[in-house]
Structures are given as structure tokens and as C-alpha cells.
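Colleague: The following block contains the structure, expressed as C-alpha cells.
The values are calculated or read from the model by the stated rules, or taken from the named source; none is laboratory data. Quantities reported herein were computed from a predicted structural model and do not represent experimental measurements. Neighbour counts run over all protein chains shown; Cβ positions are idealised from the backbone, glycine included. Accessible surface areas use protein heavy atoms only, side chains included; no ligands, DNA or RNA. Shrake-Rupley method; radii C 1.70, N 1.55, O 1.52, S 1.80 Å.
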Amino acid sequence: MSTPRLFRLAALWAAITPLCAQTLDLTFAPAASADVFALAAQPDGKLLVGGSFTTLAGVARPRLARLNANGSVDTDFNPSPGSGVNELVLQPDGKILAAGDFTTIAGTTAVRVARLNADGTRDNTFTGGTDATVLALGLQPDGKVLVGGLFAFVNNVARTLVARLNPDGSLDPTFNPVVTGTVAGSQSRVDAFAVQADGKILFAGNFAQVNGVARPGLVRVNADGTLDPTFTPGVGPNSGVQAIVLQADGKIVIGGSFTTFANLPRRGIARLSQAGVPDEVGLTGPSGPVNALVLQPNGAIVAAGSFNAVGSLARSRLARFGADGVFDSAFDPDVTGAIGLSTPGIYAMISPGPDQLVIGGTFAAVSGQPRSGLARLGTPLPVITRQPADLAATPGAQVTLSVATTATANLTYQWRRNGNPIASATTSSLALPNVQSADAGTYTVVVTNPFGSTPSAAATLTVGSPTNATTLALVSAPQSQHASAGARATLTAQASGSALAYQWKKDGIVLPSATAANLVIPITTAADMGYYTVVVSSGGSAIESPAAILTVATPGVEGRLINVSTRGFVPPGGSLTPGFVLAGTGTKRLLVRAAGPTLARFGLTAPLADPRLELVPLGSSTALATNDDWTPATPLATATTAVGAFALDAASKDSALLVDLATAGAAFTARVTTPGDASGLALAEVYDTDPLGAPARLVNVSTRGFVGTGANALVPGFVIGGAGPKRLLIRAVGPGLAPFGVNELLLDPQLAVIPLGKSAPVAANDNWGGTAELITAFASVGAFGLPSASSDAAVLVWLPPGAYTVTVSGVGATTGTALVEIYDAP
């Protein structure tokens, strides 16, 4: 295998975002007249608020309201439920699930659970109802709705405390966990759900048994409601559980009123393995109940409730722990006072964006400022109040581009032209005293303060010709094509300008006779496969098109995935966990590596000093193979040379495994961890060591992680081996993860597929658009569906053999958690 294997290490993360101070947002102060129990964030920045209040921000809005991003009431939304709202869930299609004590909503009968349209009117296609209070909702990827609470009947059918509704609100008869008893006290209830990516369901509350088996306060069931026997929390908590969140590494964090878990001291908060076993060392316990939990992108855990201390330190109702479980003593928003209920506290908490929190409850002040039941905290990024404007000028003119912001202190600026930094252009204005045609282009500025950066909108500078000649521009670039060997292929470009000339290139090499707007290949062969560009010139100006790919399918000649890799940050106590799937027959021999110290050879700073590698089958918590500190044994060294991987330093603490795995749809996770509280960057790699014709093959790789900005973009890589092309489905899923209970989502991901050694993408997407071709592709590879209007990204692309990276970033420099998937598509 001669295909290059080393991906561009310059794209590895150079740093990880530290814990941020998160101060009170002084611009957001919509006072609630009474308790807030439910919150949900919309992708457009609006905020749904539910509770027992009758006014919000001084406007009559009984028990359910929607706020604009600035905290003002959305006057077009007023469902007015007849009683309290305890839970809100936003569906991917923009519809809103609401639950609580009400029996009417939006002027119609709706018994304690309802679905609203985006404008607040009742969705009459949803007809579920219960005989008593609903406290919890959960949304599955298939649109089914989990309900939990105090009820005994759902849709007039016996269902005690927990049930599942079909997307139309009818009862799902296949799901019937029998929940009985209490952990403590007399009132049985279900308070929280978490849906795992594998379809299993965690639910929590105050109960003693599920399906006749002791599962106090916390249980995991299969998709059909039967007990999951791999989840064995022992005697569990000694009191109720009110909150559940799932970490990226599969661990489970719970909050509640308990003081022990499995007879270990765990006050109010505990972190469990996938099997339900508590961490060996527990998080420092708050003095009172934890009612809500949020995971931040860097793995930090935020806990909210009714406590007034954490350990020996005073902490009023809100506290944070690092990914390693260490209490963050610098985080102290100081939530005080009370409205409504006799027990003051925080009862709802969400994170609408990276390093942002919204809290709701019965408090009266935050950080010494009046905040009645509702507050927002965050890192105050720069806000651009006036964007740079498009300009047109003649050669020799002077032009100025400028921005204005809400603040001027501690700000820095960097102007860019066509994405490239302009030297010394570091103020709020950019003056160009003598513009020429070479200055034409797209200009942006990045404004930065100590909390982060905000990019401006793009402004276009057009420099006209005094002779009124038409400006040279590429009107349409050549498009990628896939052809069968022997077929005709035509690549076409269209440009504007005077006296145009064309010159086509293949793989950067000039094609001497290809000097027309169209490049025609009458009979394609495998030798024609490659990257094509065209240079269009007019007078003394020239422009080169983006590359178009021509792939050629030859009978009996195939390509296949032979290497996948993921680079990322391993936080203290955390892990890097890319997954992969095998298909075919027989066994597959793979070289799996976790490189840390050796990466320093390539100029990477802060590599993971001592990576530990575990290979874990999907759905299991037990590793089938492990390595810590590889040894340059002959089989490993031979395999490394055979697949073309870079050599690991002989005495390094990198890890490597050579394993034979069963196939037939087998799925695995390569889990990279490190001992103690160490952290750093690691590269996880999976190499196929078998010949290309072997019956077993790699067919899918996926990575879930935090997508940052700039160098912190999420960048998986892959290699296609063989002599033929390969069709791949590549997805970057952000909003589509919401039904799986993932927090801190990247709300608008975009992806770009870039060949090794090239700077421009050969395929890119922002918002997949719900096309029939992609929907069919999702089904053909077994990928979960996405709402047609979602902001998730996906491409279906033919690629020639070679190495590629998939760069995922957030539109507008946004950040959050995303799932990147690469599927072998038929």
C-alpha cells in the first residue's frame, strides 16, 4: 500500500478552551412573577420559558412564554396554558412539546401534555393525555415521546409513572416498564430521561423497582422497555434522582437529593460508568439537592439546585466541576433570595450556546443584581453593532472599511482579505489609499476580547476599470463528475470578461491542448481520474477555478477505506473515543494506535504524555484489548511499515495494538485515556493491514467531539486505498443530536472535504437541505434520519484514492458538540 498515511498534523488542536468566568449578562433581565420550572432554547436565539408565573418581563404571559434574545417578550407567542408547565422540549421541526398540570392550552383541551406549532397554536395532530402531573419529557430520534411523572393512566390506559407516545400522541403499546415503590418518602415519581445513542433509555426519580427488579431511583431499559441487564447500579441512591446528563465518553452524571450511591458517600451528585458503577473518587457534594445539570463543551459539569455550600465553601445554588471532577472554586455566580416556593432554588438550567447558561427557578438575585426567577450568564464576546459595508471604487481612489462595537476596551482587530490576514491592519478601520484591481475582494474583520472572538460580516470591494472593460470573474466553475470507464465526460467553465483565454490542468499539470471553455474526454479511462482546474485569463489578469473531481469506475477495480484517524484533546479524567464499523466475512486484522509523545516530532505542542488505548465493542463497557506504553515488537513494527504509518519513537509511551476482529457488522470504539489528572492532544488511528481484496473491510467511522474555531475545528481524516474510486456519505451533525440528549450542540455545522496536500475543499456543505438523494443515502447506510430543514451538513461524494481530511466548523465562528460520520456508500 503506497497511499500516504500521515495527515496534516498542522491541523491538530494546539489548545483546549479553558474554563470561562461566566458573568451575569446585565442586558438580560426579564423578571418572572413566580416560579420558573422549564426552559428550552430555539436555534434562532429565542428562549421558551415555562412555570407557574403569570407575567414575564412585565407582560401578561400565564405559565408559558417565549423571549427574544434580548429578553423582551415575543408578542406573537401566547399559548396561555390553564395551569403550570413543568417541562419543555423543542422538536427538530420547530414544534414544541409542553407538559405539566394544565388541562387547556392555546384555547383548546390538552390534558397535561401537548404539542404546539412554532407560532404557539395547538398542534391538533398530537392527542396524548395523562390523569395526573407530568414532570419529565424525552424525545427519541424516531419522534416518539417519553413521558414521566405522577400519573397512573395515559390515554385512559394503565401506565404507572412512565410511558411512551407515538409521534401523533397515541400510546405506544410496546413500551410498558412497570415502576413501583419509592426510594424515600411516600410519593413515587419519574423526574428525568436521557436517551442514549444506541436507543437505550435512562430514567430517574423516586421509585424502588422496575419490572419487579430492584432499581431504586435510576434505571436503564432497552428500547422495548425491558430492563438492560448490563446496567447494575447495586443499591443505587438512598433518595430521589432529579437530573441525568450523558458525557461524551458514555459516563452518566446524575443529580438529586441522595447522600449515598451504592453505599458510597455521594451527596447530591454522582458520576457513573456505563454499567452504573460510581467513580472511585466522587465529586465534592453540595449541601442540598441538585435539580439540574449541564455539560459544557470542555467537559465541565454545572450543577444547580437548592444547596448553599459545596464541601466547606459557600456556594449558593450553582456550582461547577471540571471534567476531572475537581470543584471549580473560581465559579461563583451567587444566586440568592426567593420568590414563590418556600424552598428557594434553581429548577431549570440550559446552555443555549458555548459558555452560556440560562437558569430558572425561585431565586430573587444573581451576583447581587435583581433577577426574579430567570437569569442568563455567559462570557461577553464582542458585539459588532455596525458591519463593514460593500464598496465600489475606481483605480486610484481611497476607500475605508470600518466596524463599530458595543465596547472599545480590551479589544483587538484583525482585518482579512479573501480570508488571509492583512499585515498591520489591526484597528477598527481599514484605509486603502490607492486601490487597484489587486485590492478587489472580500474583506472581514475579527474582533477579539479576553473572552473570545467575533467575526464580522463580509464586505465586497469592487474596483472598476476606467475603460469600462468587463471585470474578469468566474461565473460558473467546473463540477465534479463520476463516469463509467468508456463513457464521455465533459467539464465546463463559464467566465465574464474581455478576450478570455482558457487553460485546463489535471492534478496541477497543464494539459497543452485543453484551451477551450469545455474540456471533453470522449472515452474515459482510469488514467483520467483526478483533480481538474481551469485558468481563465483576460489581459493581464487571471483566475483559477476550484478543483473538480473526475472519478472513473472500472469493472473489477475498487477502492475502499483503509485508514481512519481522529485527533483531539483528552481532558483530565476524560477520553478520546472515535468509533468504527466493519462489514464482510471472516476476520479483519487492524493496527490501532494512540499517538501522543511521538507527535512532538511534528511540532505539535502539548501532546498527551502517556496515552492508554482500549478497544471496546459497541454496547460493552469491557475492553477486548488494551495497551499502555507500546514496545517495538516485531509484529507491530512490521505492520507499521507495511501500512505506511509514521514510526513511533522506540522508547515512547505511545500505545499500539495489532488485533484480529470478527466482522459481520461489528462496531468498536478506540478509547484513548491517560492516568491521573494529565491531559493533552492525541491522534487515534485505525489501519487496515489486510490486502485490498480481503472480504472484511472498514465501512464507517464516527467521531463526536467539541468543535472550536480556527485551529480548534474538528478534523477527522481517512484514506481510500486501491486503484478505484469510492463513494462516501459524510455528515456533520449538530442539531440532529438533540433527540439523543446531547448538550452544548453546534447549532449550524458546516463541513469541507480537503485532499491531503491541497488547501481548497473538493466537497463542502452547510445545511443538507433534505434532498431525496441524501435521504436515500442515509437509509442505505443505516444512518439515523435528519429533519429536512435542519442545519446539519451532509455530502455524498465520489473520491479517487488518496488521503483526505474532513474539517468541521460552526457557521459564524460558533462552537459546540458535533458528530462527524463517514460512511462507505453503495
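Colleague: I'm trying to understand the selection: among the residues of segment 639-679, which are at pLDDT below 85 and not aliphatic (A, V, I, L, M)?
Modeller: Answer for segment 639-679, where residues must be at pLDDT below 85 and not aliphatic (A, V, I, L, M): T640, T641, G644, F646, D649, T663, G665.
Colleague: Do you know which residues across segment 217-233 are more than 21 Å from F261 (Cα to Cα), open to solvent by 30 Å² or more (accessible area, probe 1.4 Å) and not hydroxyl-bearing (S, T, Y)?
Modeller: Once the filter is applied, which keeps residues that are more than 21 Å from F261 (Cα to Cα), open to solvent by 30 Å² or more (accessible area, probe 1.4 Å) and not hydroxyl-bearing (S, T, Y), segment 217-233 yields N222, A223, D224.
Colleague: Is there any pair linking a residue in segment 220-238 that is small (G, A, S) to one that is open to solvent by less than 10 Å² (accessible area, probe 1.4 Å), with Cβ under 6 Å and at least six apart or on different chains, and which?
Modeller: G225/F175; G225/P177; G236/G217; G236/L218
Colleague: Which number in (1) in contact with a Leu (Cβ under 9 Å, 6 or more places away or on another chain); (2) of a type outside the set (K, R); (3) more than 24 Å from G353 (Cα to Cα); (4) open to solvent by 40 Å² or more (accessible area, probe 1.4 Å) marks the one condition that V811 misses?
Modeller: (3)
Colleague: So, in segment 251-269, exactly how many residues are farther than 13 Å from V235 by Cβ and buried (at least 21 other Cβ atoms within 10 Å of the Cβ)?
Modeller: 9
Colleague: So the check is Cβ under 6 Å with 6+ separation or different chains; which pairs have a first residue in segment 417-433 that's touching a residue at least 12 places away in the same chain (Cβ under 8 Å) and a second one that's open to solvent by less than 70 Å² (accessible area, probe 1.4 Å) and among the acidic types (D, E)?
Modeller: Close Cβ pairs satisfying both conditions: L432/D439.
Colleague: Being buried (at least 21 other Cβ atoms within 10 Å of the Cβ) and either more than 17 Å from G741 (Cβ to Cβ) or in contact with a strand residue (DSSP E or B) (Cβ under 9 Å, 6 or more places away or on another chain) (or both) narrows it down to one of Q242, Q247, so name that one.
Modeller: Step by step, each of Q242, Q247 is checked, and only Q242 is buried (at least 21 other Cβ atoms within 10 Å of the Cβ) and either more than 17 Å from G741 (Cβ to Cβ) or in contact with a strand residue (DSSP E or B) (Cβ under 9 Å, 6 or more places away or on another chain) (or both).
Colleague: So G276 clears everything in (1) at positive phi; (2) open to solvent by 30 Å² or more (accessible area, probe 1.4 Å); (3) of a type outside the set (F, W, Y) except one condition, right? Which one?
Modeller: Of everything listed in (1) at positive phi; (2) open to solvent by 30 Å² or more (accessible area, probe 1.4 Å); (3) of a type outside the set (F, W, Y), G276 misses just condition (2).
Colleague: List pairs: first residue in segment 35-61 and within 16 Å of A99 (Cβ to Cβ), second residue open to solvent by less than 40 Å² (accessible area, probe 1.4 Å) and charged (D, E, K, R) anywhere in the structure, Cβ distance under 6 angstrom, at least six positions apart or on different chains.
Modeller: From residues that are within 16 Å of A99 (Cβ to Cβ), the pairs are L48/R66; G51/D35; S52/D35.
Colleague: When A803 is evaluated against the numbered criteria (1) closer than 30 Å to G378 by Cα; (2) of a type in the set (A, V, I, L, M); (3) buried (at least 20 other Cβ atoms within 10 Å of the Cβ); (4) touching a Leu at 6+ places or on another chain (Cβ under 9 Å), which criterion, by number, is the only one it fails?
Modeller: Among (1) closer than 30 Å to G378 by Cα; (2) of a type in the set (A, V, I, L, M); (3) buried (at least 20 other Cβ atoms within 10 Å of the Cβ); (4) touching a Leu at 6+ places or on another chain (Cβ under 9 Å), the lone unmet condition for A803 is (1).
Colleague: Kindly list the number of the only condition in (1) open to solvent by less than 30 Å² (accessible area, probe 1.4 Å); (2) more than 30 Å from D690 (Cα to Cα); (3) out of contact with any Lys or Arg (no Cβ under 9 Å at 6 or more places or on another chain); (4) part of a strand (DSSP E or B) that fails for S790.
Modeller: S790 satisfies all of (1) open to solvent by less than 30 Å² (accessible area, probe 1.4 Å); (2) more than 30 Å from D690 (Cα to Cα); (3) out of contact with any Lys or Arg (no Cβ under 9 Å at 6 or more places or on another chain); (4) part of a strand (DSSP E or B) except (4).
Colleague: Answer yes or no as to whether A330 is assigned to a loop (DSSP other than H, G, I, E, B), among the hydrophobic types (A, V, I, L, M, F, W, C) and at negative phi. Outline the logic, then answer.
Modeller: Working: assigned to a loop (DSSP other than H, G, I, E, B): yes; among the hydrophobic types (A, V, I, L, M, F, W, C): yes; at negative phi: yes.
So A330 fits the description; yes.
Colleague: Restricting to segment 518-576, give me the number of residues that are polar (S, T, N, Q), open to solvent by 30 Å² or more (accessible area, probe 1.4 Å) and more than 24 Å from G721 (Cβ to Cβ). I'd like the intermediate steps shown before the answer.
Modeller: Keep residues of segment 518-576 that are polar (S, T, N, Q), which gives 518, 524-525, 533, 537-538, 541, 545, 551, 554, 563, 565-566, 575.
From the residues that got through so far, the ones that are open to solvent by 30 Å² or more (accessible area, probe 1.4 Å) too are 518, 525, 537, 541, 554.
Right, trim to more than 24 Å from G721 (Cβ to Cβ) and you get 518, 537, 541.
Residues flagged as polar (S, T, N, Q), open to solvent by 30 Å² or more (accessible area, probe 1.4 Å) and more than 24 Å from G721 (Cβ to Cβ) within segment 518-576 amount to 3.
Yes/no per residue for (1) open to solvent by 10 Å² or more (accessible area, probe 1.4 Å); (2) more than 18 Å from L150 (Cβ to Cβ); (3) modelled with pLDDT under 95:
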{"site": "T75", "(1), (2), (3)": "yes, yes, yes"}
{"site": "N86", "(1), (2), (3)": "yes, no, no"}
{"site": "I96", "(1), (2), (3)": "no, yes, no"}
{"site": "V113", "(1), (2), (3)": "no, no, no"}
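Colleague: Consider V147 against the criteria (1) crowded, with 16+ Cβ neighbours inside 10 Å; (2) among the aliphatic types (A, V, I, L, M); (3) in a loop (DSSP other than H, G, I, E, B): it satisfies all of them except one. Which criterion is unmet?
Modeller: Single failed check for V147: (3).
Colleague: Out of the residues in segment 15-32 that are outside any strand (DSSP E or B) and modelled with pLDDT of 90 or more, which is surrounded by the fewest Cβ atoms within 10 Å (Cβ to Cβ)?
Modeller: Of everything passing the filter in segment 15-32, A31 is surrounded by the fewest Cβ atoms within 10 Å (Cβ to Cβ).
Residue-by-condition table, conditions (1) modelled with pLDDT of 85 or more; (2) more than 25 Å from T400 (Cβ to Cβ); (3) in contact with a Ser or Thr (Cβ under 6 Å, 6 or more places away or on another chain):
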residue: T448; (1), (2), (3): no, no, yes
residue: F451; (1), (2), (3): no, yes, yes
residue: A458; (1), (2), (3): no, no, yes
residue: T471; (1), (2), (3): no, no, no
residue: A477; (1), (2), (3): yes, yes, yes
residue: Q481; (1), (2), (3): yes, yes, no
residue: G486; (1), (2), (3): yes, yes, no
residue: A489; (1), (2), (3): yes, yes, yes
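Colleague: Something else now. Based on what the data block shows, is A214 open to solvent by 40 Å² or more (accessible area, probe 1.4 Å) and without any contact (Cβ under 8 Å) to a residue 24 or more places away in the chain?
Modeller: Taking the combined requirement at face value, the residue satisfies it.
Colleague: Of the numbered conditions (1) closer than 30 Å to T230 by Cβ; (2) touching a Ser or Thr at 6+ places or on another chain (Cβ under 7 Å); (3) among the charged types (D, E, K, R), D279 fails exactly one; give the number of that condition.
Modeller: The number of the failed condition is (2).
Colleague: Residues in segment 339-358: is at least one β-branched (V, I, T), within 24 Å of R63 (Cβ to Cβ) and surrounded by fewer than 17 Cβ atoms within 10 Å (Cβ to Cβ)?
Modeller: yes
Colleague: Can you find a residue that is crowded, with 17+ Cβ neighbours inside 10 Å, among the hydrophobic types (A, V, I, L, M, F, W, C) and part of a loop (DSSP other than H, G, I, E, B) anywhere in segment 121-134?
Modeller: Yes, some residue in segment 121-134 is crowded, with 17+ Cβ neighbours inside 10 Å, among the hydrophobic types (A, V, I, L, M, F, W, C) and part of a loop (DSSP other than H, G, I, E, B).
Colleague: Taking the options A783, A803, A779, A738, name whichever one is modelled with pLDDT of 90 or more and over 25 Å from Q247 (Cβ atoms).
Modeller: Result of the check over A783, A803, A779, A738: A779.
Colleague: Among the strands (runs of 3 or more DSSP E) contained in segment 433-523, which hold 3 or more residues that are closer than 23 Å to S541 by Cβ and among the β-branched types (V, I, T)?
Modeller: Hits in segment 433-523: 459-463.
Colleague: Moving on. Among the residues of segment 587-602, which ones are touching a residue at least 24 places away in the same chain (Cβ under 8 Å) and open to solvent by 10 Å² or more (accessible area, probe 1.4 Å)? Can you show your working first?
Modeller: So the first thing to find is which residues in segment 587-602 are touching a residue at least 24 places away in the same chain (Cβ under 8 Å), and the list is 587-599, 601-602.
Correct list: T587, R589, P597, R601, F602.
Residues checked against (1) among the acidic types (D, E); (2) not in a strand (DSSP E or B):
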residue	(1), (2)
P739	no, yes
A752	no, no
E773	yes, yes
A779	no, yes
F784	no, yes
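Residue by residue, here is whether (1) open to solvent by 50 Å² or more (accessible area, probe 1.4 Å); (2) within 29 Å of the chain's Cα centre (by Cα); (3) modelled with pLDDT of 85 or more holds:
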position: I384; (1), (2), (3): no, yes, no
position: A392; (1), (2), (3): yes, no, no
position: A425; (1), (2), (3): no, no, yes
position: V435; (1), (2), (3): no, no, yes
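Colleague: Just checking, does segment 753-760 include any residue being among the β-branched types (V, I, T) and farther than 30 Å from L97 by Cα?
Modeller: Yes, segment 753-760 contains a residue that is among the β-branched types (V, I, T) and farther than 30 Å from L97 by Cα.
Colleague: Take the conditions assigned to a helix (DSSP H, G or I) and at negative phi and apply them to A594. Does it pass?
Modeller: No, not satisfied.
Colleague: Please verify whether A114 is within 22 Å of G82 (Cα to Cα), assigned to a strand (DSSP E or B) and among the hydrophobic types (A, V, I, L, M, F, W, C), treating the condition exactly as stated.
Modeller: yes
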